[in-house]
Structure formats: structure tokens, C-alpha cells
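S.K.: One structure follows; several queries about it will come next.
The values are calculated or read from the model by the stated rules, or taken from the named source; none is laboratory data. All of these numbers come straight from a predicted model, not from anything done at the bench. Positions of Cβ are backbone-derived with ideal geometry, glycine not excepted, and every protein chain shown enters the neighbour counts.
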Amino acid sequence: MNETVRWETITYYAGFDWAKDHHDVVIVNPQGKIVKDLTFEHSAEGWAKWKELVAAYALLAVAIETNQGAAIEQLLESGVIVYPVNPKSAERYRDRKAPSGTKTDFLDAWSLADALRVDGHGWRALKPLDPLIQELRLLCRDEVDLIAKRTELVNQLQAALHEYYPAALQAFEDWTATPSWNFVQQFPTPQLLRQAGRRKWEKFLHVHHLYRPELNEKRLEIFAKAHEFCGPAAVTRAKSRLALALVKLLNALENQLEDYRKEIRRLFNEHPDHELFGSLPGAGEKLAPRLLSELGSDRSLFDSAQALQCYVGTAPVSFESGQVRQVYVRFMCNKSFRHAVHLWADLSRKFCSWAQVYYQQLRAKGKTHATALRCLGQRWLKILWKMWQTKTCYNADFHMANQLKHGSWVLSVKPSKSK
């Protein structure tokens, strides 16, 4: 329905002020007169009331201050045309109605409804996502949240070990890896580590594939002296209990992350564009699904590379007023997409010499690491948009031929061996 209805045929405009437990709605006609307002609960009965209301107002368009969530799903299911509004824009529309600063749920809904009536002809209606993309996107975002939770637990574990077991922190560098956690589980205190003896230490290192000639003696020496610098008995008993609890949580979380990744790989491989995103240098099996899920399958969503760059947040925001001309980082964007592009741009430097050269030149000009990666991501998004529109996999030789054709300066600079 959303794809076939023309703006000129819409007869009623609704503002939808959503909340966790209830929603406020105001409906206006083409002349701006309020014809209906109601409040209903976020429940099966409440949404049934909404569907009854929709049946009474043909060709209803709805403005709402979000583009995802349970309310959006219910609105799309009810058959109305949904127009998401940026929260900052919604605030400005409310200020237009009430310059005094008054704020009520009714006012929020009314200002959205009237804004839709007046300016909605230039807005883009929200389309239902492809179910595969929707599930993949949610899984990828939840995976990132779980990784953040793992980082939080690792920080807590390191803080606990610092209190009573500094030798463990000294012996292992990567505390996001399971061998470090297993070490705490097998030798939870310096005293138990000392009692275990050298033979069990070496066995642990062999079993977990940590036996390295250059690190072996250093680690064994740290293990032998662990009891010499540690916390008192009371602290050791308390904090070792916390460390073991955190290790159990980390292991359980890691198992869930592995299950997430299996499902993400399965869904990614089912999508027809998986080879396209899999060909991106540096994306790999973790970032390629995130990039695909955020970009989606609707080729009409971004009519230019610049539109995609603005959506992701790599394109800057300009400010001009009189003699003042400034450029700022774009904060209003898809932050999940921007995070994925940031990681991808960084990893691409290991696979593409031109990407490394471009990054190094920006760093030489005094740009920060984050700024250089954002600029590199800007370039990659232009390439990705063209690949996406033409359904073409990345071809390094074809890309280099284009760079030679257009006289790209990055080819004239040799990459250095800097980080």
C-alpha cells in the first residue's frame, strides 16, 4: 500500500506520540482542523482500538518520532503510511506551535500531524524491511551489544585481579580470549598457582596453544613469583570468588556470541548480495554481515553516494553565516552503520595499499586516527554505493585501473611501514 499511494491522495494526517505503555494520537484534515484525538494503551486491546480508528479514516498518513520498534511494526501492520521524523525536527515543529516552551503529549502529537500536513510532501515514507534483512540487522546489533557487555565484564575481571592477583594480568595480554579466563578458573589464586607447580603450568600453556619459545620462560617466571606480590588473605578470598563468578559469566556469554555468529553467517549466506559484501577488503565474516544488514536491499533508498555518506555519518556538516564558514562532524546518523564502517576502514588498510597510503597522508597532515578513518570510510562508501547499485563485487584490478585513468594521487605515493 505504501508504495502505490500518492501524496495527493492522502486525506488525513496523524501525529503519533509514542511511549512505552501508551500512545497519543491527533488526526487533522487537509485544512489543518483536528478531527480526532485519543490515547490508547500499548496492548492488544489498545492496538485493536487503533485499527478500528484507521478503518474510519481512509488513506491515513502517520508521522512518528522513530523509525523502529514495536510501535512501528504495529503501525505498518495496520496499513497506514508511516513517515518517521527526526527527534530534533520534531522538537522544532513543537516550538513552532508553542514558542513558550510548553510540552504535552497532545501538543507533540498535534505538531507532528500538522507538520506532516504542511511539509510531508517532501518526506520519505517508511517501507517494511525485508524479513531476512530485519532479522540480520537485529542479530548484528545485538551481537555488538553483547560484545560491549563482554568488554564490561572483562574490565571488572581485570579490576578484581588487580586487587589480589597482579601476576595473572602480567602473564596475559588479551583478556577477551578464553585462555586467559581459563587460567583464572584453573588457578584462581596465587597460592593455588604455586601449589600446582611447573609441570601443570606448562601443561596449561600447551593445552591452550600458548606455548611460545619467546614468552614461555617469562610466563613461567611470573607464575613462580606470583605469590610474592599479591593481596592479603581476606582480599584474596573475596576477590577470587568474584573473579570466578565473572569468568563463568564470560564463558556463558562467549557461547552465546558463538551461537549468534553461526546464525548471522547462515542468514548472511542466504542473502543474494552476500558475495558482494564478502568481497569487500577487510570486511571479513564479522563486518560483512553488519554492512549488509545496515545497507539493506532497497536500491532506491539512496539515490547517490553522498546520500549514503550522510546517512552513515562520514560526510561532514557545514555551517556558514556571514564571514563564518565551519565544518563539523556529523552526529545525526545511523551510528550502528558508522561504527561498522569505522572498523571496516581500519581493517581495509591491511588489504589495500591505496587505503593505507590515503590514511598515512591524512595522518601526516595532522589528522587524528579517527578523522583519517572517517575520511577513508567516506571513500569506501562511494565505492560500496556503486557496487551496490550495479550488483558488482569488488575488483582490485578494476579499481586500480580507474584510479590510473583519473590520475589518483594515492598511486604516486609508496606506503610506509607505519602502523
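S.K.: Show the residue pairs that are 6+ apart or on different chains and have beta-carbon atoms under 7 Å apart, the first residue being within segment 306-318 and over 17 Å from G296 (Cα atoms), the second being of a type in the set (V, I, T) and part of a helix (DSSP H, G or I).
M.R.: Listed by first residue and then by second, the contacts come to T314/V341.
S.K.: Same structure, new question: Given the criteria modelled with pLDDT of 95 or more and crowded, with 19+ Cβ neighbours inside 10 Å, does R290 qualify? Please lay out each step first, then the result.
M.R.: Working: modelled with pLDDT of 95 or more: yes; crowded, with 19+ Cβ neighbours inside 10 Å: yes.
Judged against the criteria, R290 is a match.
S.K.: Write out, first by first residue and then by second, each pair whose Cβ atoms fall under 7 Å of each other, whose residues are 6+ apart or on separate chains, and whose first residue, in segment 143-165, is free of Cβ contacts under 8 Å to residues at least 60 places away in the same chain while the second is surrounded by fewer than 18 Cβ atoms within 10 Å (Cβ to Cβ).
M.R.: Qualifying pairs under 7 Å: Q158/L169; H162/L169.
S.K.: Can you report the number of residues in segment 141-155 which are out of contact with any Lys or Arg (no Cβ under 9 Å at 6 or more places or on another chain) and surrounded by 16 or more Cβ atoms within 10 Å (Cβ to Cβ)?
M.R.: Adding up the residues that qualify gives 3.
S.K.: For segment 188-200, check the following and say yes or no: at least one residue is among the β-branched types (V, I, T), in the same structural domain as C140 (by TED's automatic domain parsing) and assigned to a helix (DSSP H, G or I). Before the answer, list the steps.
M.R.: Of all residues in segment 188-200, those among the β-branched types (V, I, T) come to 189.
Narrowing the set further to residues that are in the same structural domain as C140 (by TED's automatic domain parsing) leaves 189.
Narrowing the set further to residues that are assigned to a helix (DSSP H, G or I) leaves none.
Within segment 188-200 (the criterion being among the β-branched types (V, I, T), in the same structural domain as C140 (by TED's automatic domain parsing) and assigned to a helix (DSSP H, G or I)), the answer is no, since none of the residues qualifies.
S.K.: Shifting gears a bit: If you check E214, E254, which single one turns out to be of a type in the set (D, E), exposed (fewer than 14 other Cβ atoms within 10 Å of the Cβ) and outside the structural domain of W388 (by TED's automatic domain parsing)?
M.R.: E214
S.K.: May I pose another question? Identify, by number, the condition in (1) touching a Phe, Trp or Tyr at 6+ places or on another chain (Cβ under 7 Å); (2) surrounded by fewer than 21 Cβ atoms within 10 Å (Cβ to Cβ); (3) not small (G, A, S) that D346 doesn't meet.
M.R.: (1)
S.K.: Taking segment 80-99, which residues are surrounded by 14 or more Cβ atoms within 10 Å (Cβ to Cβ) and touching a residue at least 40 places away in the same chain (Cβ under 8 Å)?
M.R.: V80, I81, V82, Y83, P84, listed by residue number.
S.K.: What number of residues within segment 196-211 are of a type outside the set (A, V, I, L, M) and surrounded by 15 or more Cβ atoms within 10 Å (Cβ to Cβ)?
M.R.: Taking segment 196-211 as the starting set, the residues that turn out to be of a type outside the set (A, V, I, L, M) are 197-204, 206, 208-209, 211.
From the residues that got through so far, the ones that are surrounded by 15 or more Cβ atoms within 10 Å (Cβ to Cβ) too are 201-202, 204, 208.
Counting residues in segment 196-211 that are of a type outside the set (A, V, I, L, M) and surrounded by 15 or more Cβ atoms within 10 Å (Cβ to Cβ) gives 4.
S.K.: The conditions are (1) in contact (Cβ under 8 Å) with a residue 60 or more places away in the chain; (2) not in a helix (DSSP H, G or I), and T102 fails exactly one of them. Which is it?
M.R.: It fails just one condition, (1).
Okay, residues lined up against (1) assigned by TED's automatic domain parsing to the domain that holds L384; (2) surrounded by 17 or more Cβ atoms within 10 Å (Cβ to Cβ); (3) of a type outside the set (S, T, N, Q); (4) on the phi > 0 side of the Ramachandran plot:
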| site | (1), (2), (3), (4) |
| --- | --- |
| G296 | yes, yes, yes, yes |
| G313 | yes, yes, yes, yes |
| F331 | yes, no, yes, no |
| V357 | yes, yes, yes, no |
| T368 | yes, no, no, no |
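S.K.: Looking only at segment 1-53, count every residue that is surrounded by 11 or more Cβ atoms within 10 Å (Cβ to Cβ), of a type in the set (S, T, N, Q), over 25 Å from G69 (Cα atoms) and without any contact (Cβ under 8 Å) to a residue 24 or more places away in the chain and tell me the total.
M.R.: Matching residues across segment 1-53 total 1.
S.K.: Looking only at segment 16-74, filter to residues that are assigned to a helix (DSSP H, G or I) and among the charged types (D, E, K, R); which one of those is nearest to G122 (Cα to Cα)?
M.R.: Restricting to residues being assigned to a helix (DSSP H, G or I) and among the charged types (D, E, K, R), the top hit is E73.
S.K.: Name the single residue, out of those in segment 180-195 being surrounded by 15 or more Cβ atoms within 10 Å (Cβ to Cβ) and aliphatic (A, V, I, L, M), that is nearest to T151 (Cα to Cα).
M.R.: That would be V184.
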